[in-house]
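See below for the structure under consideration.
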Amino acid sequence: MRLLIVAPILFLHTEIIVRVLKLDISGVPESWITLEHAVGYYATGTVAYTLGDPMSTLHGGHNRCGLRSTVDVHPIIAVNGTSAAGKLLSAAPRLTRHNHKLFRRDRYTCGYCGGLFREHQLEREHVIPTSRGGKDTWANVVSACRSCNQLKGAKTPDGKVPGAAGVAVSRAGATMPGASSPR
Ligand SMILES: [Zn+2]
């Protein structure tokens with residue numbers, strides 16, 4: 001008897017929140033989301049695949065023919081878009097004051113004379129000089145030996161540059177540091 005009285009009270013105070021596990025496209029769990037949030041992904045066609053049998057069916061409005069829309073929500077959904085792992089891999093490392101990553105990307109080679117140098121003999125060179133609006137980005141920097149850097153000065157790649165100017169321009173096309181380990 002006692003249970004019959006207590007049970008409805010417990011039921012009234014127990015809020016059952018159904019959650020859906022959201023994965024990125026590569027299957028890495030991202031977050032728990034509400035049913036309503038999950039329906040948003042179904043409605044926009046961004047659910048790439050689902051796992052498990054539908055655990056809930058949500059009903060929408062009626063169309064002109066009187067048919068009511070329904071969405072079967074699965075316990076696990078993978079959503080299209082950039083994966084968390086992909087974001088990490090595609091994030092370009094920051095250019096640092098010490099230029100280690102830049103010199104490593106360029107394999108310790110001067111972008112102008114093509115010579116191989118030690119790290120302390122190299123400097124960060126802006127292909128389009130900062131004085132001419134060049135930015136401090138991976139696409140606009142190249143390793144240069146000190147003598148080439150001094151000779152180039154504030155000239156643009158179109159101007160008279162020492163050594164193989166074409167090398168510098170083509171190297172600037174390499175916007176990301178190489179993934180290989182330094183030698
Ligand atoms: Zn040089």
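Here GLY114 clears all of (1) in the same structural domain as GLN150 (by TED's automatic domain parsing); (2) touching a strand residue (DSSP E or B) at 6+ places or on another chain (Cβ under 7 Å) except the condition numbered (2). Among the residues of region 22-48, those identified as among the aliphatic types (A, V, I, L, M) and under 18 Å from the mean Cα position of the chain (by Cα) are LEU23, ILE25, VAL28. Scanning region 103-133 for residues that are surrounded by fewer than 17 Cβ atoms within 10 Å (Cβ to Cβ) and among the small types (Gly, Ala, Ser), we see that the one that is farthest from the ligand (Cβ to nearest atom) is GLY133.
Let's see how each residue does on (1) touching a Ser or Thr at 6+ places or on another chain (Cβ under 9 Å); (2) outside any loop (DSSP other than H, G, I, E, B):
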{"residue": "GLU36", "(1), (2)": "no, yes"}
{"residue": "GLY45", "(1), (2)": "no, no"}
{"residue": "THR57", "(1), (2)": "yes, yes"}
{"residue": "CYS65", "(1), (2)": "no, no"}
{"residue": "VAL71", "(1), (2)": "yes, yes"}
{"residue": "HIS98", "(1), (2)": "no, no"}
{"residue": "CYS113", "(1), (2)": "yes, no"}
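The values are calculated or read from the model by the stated rules, or taken from the named source; none is laboratory data. What you see is a predicted model; the values in this text were computed from it and never measured. Reconstructed Cβ throughout: ideal geometry from the backbone, glycine too, with neighbour counts over all protein chains shown.
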